[in-house]
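Q: My structure is below; once you've seen it, I'll send some questions.
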Amino acid sequence: MKIFIDTNIPMYAAGKDHHLKEGCIKILNKVASGELEAYTDSEVFQEILYRYYHIGQLDIGFKVFDLFSTIMDGSVLPVNYRDVKQARLLAETESAAGLSPRDLIHLAVMINNGLDTIATTDRAFSRVSMIKIFSP
């Protein structure tokens, strides 16, 4: 199974005790072992840095970034102009209504790279009929 890994998966896996932590760790272990063929995009790494910068914990953000980067080595998709244009078009569709601009970018990258499953805790993606959710 090919799967896109959303930002919240490595962040919950690295975060404090939470009911989603264990499931997110399991997903990343499956990616690291090769059990799941996983991809992410460069925007996910920007989101990790942004979040930890915003909460004043950039040292932790660097660790999350580096560990996730090691797991995803070779499977990080770029965000290019084609993806940005696709996100713009998706923003007008009913099926993507309610997604944030960042989530629209992830969805566009998925579509443009033939991915139809996302590992996420973000419920907004459940409204998008063209993809499947892999929940932790």
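Q: Dividing the convex hull volume of the alpha carbon atoms of region 40-136 by its residue count, what do you get in Å³ per residue?
A: Spread over its residues, the Cα hull of region 40-136 gives 106 Å³ apiece.
Q: Along the positive direction of the dipole of the chain (beta-carbon charges: Lys, Arg +1; Asp, Glu -1; about the Cα centre), which of Leu28, Gln86, Gly98 reaches farthest?
A: The residue sitting most towards the positive pole is Gly98.
Q: Using a 7 Å offset from the Cα along the Cα-to-Cβ direction at both Ser75 and Asn112, what is the distance between the two label points in nm, to one decimal?
A: Here the modelled spin labels are 2.1 nm apart.
Q: Could you give the nm distance between label points at Leu67 and Leu89, where each point is 7 Å from its Cα heading toward the beta carbon?
A: 3.9
Q: Lysines within cross-link reach of Lys30: Cα-Cα under 26 Å, excluding same-chain residues under 8 positions apart?
A: Lys2, Lys16, Lys21, Lys63, Lys132
Q: Going by a ≥ b ≥ c, the root eigenvalues of the Cα gyration tensor, does region 48-95 fall in the rounded group (a/c under 1.5), the prolate group (a/b larger than b/c) or the oblate group?
A: Oblate.
Q: A further question follows. Quick one: compute the contact order of the chain, relative version, from alpha carbon pairs under 8 angstrom and 6+ residues apart, as a percent.
A: Computed over the chain, the figure is 30 percent.
Read-outs throughout are calculated quantities, based only on the coordinates presented, and are distinct from any laboratory measurement. None of the values given here were measured: they were computed from a predicted structure. Using ideal geometry, Cβ is built from the backbone for each residue, glycine included, and neighbour counts are taken over all protein chains shown.
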